[in-house]
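The values are calculated or read from the model by the stated rules, or taken from the named source; none is laboratory data. Everything numeric here is computed off the predicted structure, so don't read it as measured data. Cβ sites come from the backbone with ideal geometry, for glycine too, and all protein chains shown count toward neighbours.
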Amino acid sequence: MILSMTGFGKKEFQYNGKCISVEIRSLNSKNTDITIRTPNYLRPLDPEIRKKLANKMQRGKIDLNIHVEYTGDTAPTSINNKIVKAYIKQLEEIGSSTESERISMAMRLPDAFSSEKEELDKEEKKILLSNLDMAINDIKGFQKNEGLEMAKDIELRLNLIDSHLKDVVELEPKRIEKMREKLLTSIQSLKIEIDANRFEQEMIFYLEKFDITEEKVRLINHIKYFREVKNEDSPNGKKLGFIAQEIGREINTIGSKANDAHLQKIVVQMKDELEKIKEQLLNIL
């Protein structure tokens, strides 16, 4: 099964006067690239979260953002009333200003706020990791749905390559015969006597260099194997990329041996479809 590397998952929950949101975004990447943004009191969880993301999402550029909004009187930051009042009094003595202006200036001065170190309790950790799992499941669902659409497009391209390959098979006997006749005509135009047996041997040797039977067989086998891997349950993007390279190698070899304008045209069409497949593979997990 094909899974896309692109996806988005989000979960929100309330806990002890806090609204906590967990957002995961994933984009295509050759390796696992994880970025985590969390409040300071959640930092001790970073290694555990990173390991969970790496194990469950395997590959991609993964961004996790955990945002905490305090909705009650539990905010860890509070105003130092005595210090702020002292600042306001001093500002009043310095010069004329409105009360709102003095408050605004005082709130920006050092130690106007005090922060208590917040600790993560076991229950909040349990709920947070549970919501993280649900967000990962959401993103997995997104990746699966997009993967299904990508698989349809890839299968369409493979069918087109199959169709072009059948055209190559039909064209092959005519191409060889045309090359044989052209070479024979060239020899006859020289008006010299040649040894018929020797000529036939050389003709076979010459035509063998343009034979593409092995390339056709290998191309058929590579396409078959590509389809088998595409339907595997485990992540298969890298493996499909390697097989696509082998498919491209056989198509290129057929093109280099073509020596025929019609066959070259078919090769270009196969290359075009393969490039479209490779573009899709860049975003497959």
Yes/no for residue 140 being assigned by TED's automatic domain parsing to the domain that holds residue 47 and free of Cβ contacts under 8 Å to residues at least 24 places away in the same chain: no
Selection count where residues are of a type in the set (Val, Ile, Thr) and within 15 Å of the chain's Cα centre (by Cα), scope the range 25-70: 3
Odd one out for residue 184 among (1) modelled with pLDDT of 80 or more; (2) more than 28 Å from the chain's Cα centre (by Cα); (3) closer than 30 Å to residue 212 by Cβ: (1)
Qualifying positions in the range 215-237 - over 13 Å from residue 151 (Cα atoms) and either in contact with a Pro (Cβ under 6 Å, 6 or more places away or on another chain) or without any contact (Cβ under 8 Å) to a residue 60 or more places away in the chain (or both): 215, 216, 217, 218, 219, 220, 221, 222, 224, 225, 234
Any hit, the range 152-163, residues being assigned by TED's automatic domain parsing to the domain that holds residue 210 and over 16 Å from residue 270 (Cα atoms): yes
Per-region count, the range 1-37, residues over 18 Å from residue 280 (Cα atoms), of a type in the set (Lys, Arg) and surrounded by fewer than 15 Cβ atoms within 10 Å (Cβ to Cβ): 1
Count - residues of the range 134-152 that are surrounded by fewer than 13 Cβ atoms within 10 Å (Cβ to Cβ) and acidic (Asp, Glu): 1
Yes/no for residue 139 being more than 30 Å from residue 8 (Cα to Cα) and of a type in the set (Val, Ile, Thr): no
